[in-house]
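A quick write-up on the structure given underneath.
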Amino acid sequence: MIDYKAEYQKWLHSDAITEDERAELLSIAGDDKEIESRFYGPLEFGTAGLRGTMKMGLHQMNIYVIRWATQGFANVICAEGPAAMDKGVAICMDCRHHSMEFARAAAEVCAANGIHVRIFESLRPTPELSFAVRHYGCQAGINITASHNPKEYNGYKVYWSDGAQLPPHHADAIAKELENIDIFTGVKTMPFDEAKAAGRIELMGEETDNAFMENVMAMVNDRACVAKVADDFHVVYTPFHGCGWKLVPQALRDLGVKHLHCVPEQMVLDGSFPTVESPNPENPEGFYLAIALADQVGANFIIGTDPDSDRVGILVRGTDGRFIPVSGNQTGVLLADYLLGAMARNGKLPKNAVLLKTIVTTEMARRVAESHGVTCYDTFTGFKFMAEKKQQLESQGLGKVVFSYEESYGYMLGDYVRDKDAVTASLLLTEMAAWYQSRGMTLFDALQALYEKYGYYGEKTHNLVMPGLDGLEKMAVLMQSLRDVPPADIAGVAVTARTDYKDGTVTDCASGKVTASELKGSNVLRYALADGTVILVRPSGTEPKIKVYILTLGSDPKQRDENIAKYSQWALSLQK
Ligand SMILES: O=P(O)(O)OC[C@H]1O[C@H](O)[C@H](O)[C@@H](O)[C@@H]1O
């Protein structure tokens, strides 16, 4: 831990900051708790890079932290040699306040360090950044986005030459560099326009969109089914004020959707997200305008993408005519079943096809994959791990990954991106909805059919929110207490095996025998229960909360729901 009081004073008296920024810092003078929480240490690279609220401070997102992080990243890129510096970096930003300013600041630092920069002229979907890194053969990528977080946040995602976010050991190298760089005096920078005039910064725009969209549209499996239902197929779409606004509607229209209704209020780009509490498609409340529009136009299918358009959520009409949110687990299962079937029908399913999911994603996905003759592997949370696994399997000829997904509304498809991609996913989800409609089924019907075939799987994630420095402490105490006194039973059902993914051990609870788990090195605990339920506990890597995942299976919907209810009680009891 650094001396937060000294760090605060350093910032307060720095010549580098503006008078407004100094005033902001002065306004917290005397508030020791606030000073500590803003200055106790740097932000850490978590599940998806750096993320924090936009305030002055070391443990915050502001232009000084952006420049500093970029100097650290620039050192890592320069260490690869002149060829890597020429390959350069692609930079992207979302719709948030300050995203463009931060992106340009990152470009200025890279350029001053002799690294060639390609920066999007305006906001773009996150998957397009991953694509651009690969397409232009860049050494690295930077994305200024806090994805689906509330409006007060911003973030800094870093990518390497494969178009995937940096794995932890690589992110650690940046953190190590930062230890030796002074945040105010140790950063090289040059004016944007000067760097642009000198050819050190290039802009990306429509040409990159076109190249990306060519790849996206090549993923379509069945245009005919869309054409068949097009006259009665109404789709409602919302970008939640963010980056999906242009390319998602373009993709759906190109697919052949004739009746696409975009929620007008949420097509307005705005980092304040004025129509929603949270721009996260995981929260169904944000869909109220989309539902009203769908009712007005008679649509059965609603799609929403988050502000950087990497995650996507859908709602479908149930039998009673009301809209039901489909969870990320369920959407992934539906899409996996549809895609693997469609690829097989088209003769495009490779013999060694693989589906990737995370350890906290439903086991139903494995059942679906295996019933299509496809192998399913698990990774830790985060698309960097899925990208790594894809690379590892494909480079060794051990499998061809055709679909990767996480319960947190993220889907990665095709070979042209290495991150979750709500543009391609929206396209294929729409194709899937049309395909079922062409067979007289809604997606709700399709999901029920999958439950009947594979079993009544049910999932529920509880977020135990623990904000601030106290929260960090509480989270650590909770994880430690679960390690010190492992539960012998949960809600009266025996724990048969427990896995600690931190040290990679699996303990058989009856015999006490310890074996090695397949994955290792992440702060996650897993409990396998006697009734087949699995419960996992982990601190989130993007928000101040502990996540408790319940993955259960019932012999019928009633039993499934009862399981979820009883295990939920246990999950909630962890928040003292
Ligand atoms: O569970 P967390 O660590 O908060 O991460 C939740 C999600 O955050 C981001 O969206 C990442 O890109 C995902 O890979 C991750 O699943």
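Values quoted throughout were computed directly from the atomic coordinates according to the rules given, and no laboratory measurement underlies them. Note that the structure is predicted; figures quoted are calculated from it, not measured. Please note: Cβ atoms are built from the backbone with ideal geometry, for glycine as well, and neighbour counts cover all protein chains shown.
For Lys5 and Asp470, the FRET efficiency from 1/(1 + (r/R0)^6), where r spans their Cβ atoms and R0 equals 25 Å, is about 0.85. For the pairs Lys176/Lys474; Lys460/Lys520; Lys357/Lys384; Lys5/Lys151; Lys390/Lys420, flag any whose C-alpha to C-alpha distance is greater than 21 Å. Correct reply: Lys176/Lys474; Lys460/Lys520; Lys5/Lys151. The modelled label-to-label distance for the pair Asn283/Val268, using points 7 Å beyond Cα in the direction of Cβ, is 1.9 nm.
If I take R0 = 25 Å and measure r between the Cβ atoms of Leu26 and Thr185 in this structure, what FRET efficiency does the formula 1/(1 + (r/R0)^6) give, to the nearest 0.05? About 0.70, to the nearest 0.05. The ranking of Asp320, Asp193, Asp508 from fewest to most other beta carbons within 10 Å of each one's beta carbon is Asp320, Asp193, Asp508.
Please sort through the DSSP H helices of the chain and keep those with an alpha-carbon extent of at least 18 Å along the long axis and a Kyte-Doolittle average not below -0.5.
63-78, 99-112, 328-345, 422-438, 468-484
Each principal axis of the Cα cloud of the range 42-204 was evaluated for its coordinate range; sorted largest first, these ranges are 35, 33, 31 Å. Cβ crowding within 10 Å ranks Cys509, Cys92, Cys138 as Cys509, Cys138, Cys92, fewest other Cβ atoms first.
Here the range 42-204 carries DSSP beta bridges of which approximately 50% are antiparallel, counting only pairs with both residues inside.
The residue list Val65, Met267, Tyr549 was ranked by how far each Cα lies along the charge dipole of the chain toward its positive end, using unit charges on Cβ atoms, and Tyr549 comes out on top.
Oblate is the label for the chain. Its Cα gyration tensor axes, ordered a ≥ b ≥ c, give a/c of at least 1.5 and b/c at or above a/b. If you take all other residues with their beta carbon under 13 Å from the beta carbon of Tyr567, and give Lys and Arg +1 and Asp and Glu -1, the sum is -2. The simple Förster model, with R0 at 35 Å and r as the Cβ-Cβ distance, assigns Ser573 and Arg345 a FRET efficiency of 0.15. Summing Cβ point charges (Lys, Arg +1; Asp, Glu -1) relative to the Cα centre of the chain gives a dipole of roughly 1400 debye. Enclosing the Cα atoms of the range 456-573 in their convex hull gives a volume equal to 107 cubic angstrom per residue. Say each of Asp531 and Ala175 gets a label point 7 Å from the Cα, pointing the same way as Cα to Cβ; how far apart are those two points in nm? For the pair Asp531/Ala175, the computed spacing is 3.9 nm.
Which order do the peptides 435-448, 479-492 come out in when sorted by mean C-beta neighbours inside 10 angstrom, highest first?
Listed from highest to lowest mean packing, they are 435-448, 479-492.
With a/c under 1.5 counting as rounded, go ahead and sort the range 40-128 into rounded, prolate or oblate using the C-alpha gyration tensor (a ≥ b ≥ c being the square roots of the eigenvalues; past the cut-off, prolate if a/b is larger than b/c, else oblate). Oblate. For the peptides 142-151, 391-400, the ranking by mean Cβ contacts within 10 Å, running from highest to lowest, is 142-151, 391-400. Packing-based ranking of 223-232, 420-429, 67-76 yields 420-429, 67-76, 223-232, ordered from highest to lowest mean Cβ neighbour count within 10 Å.
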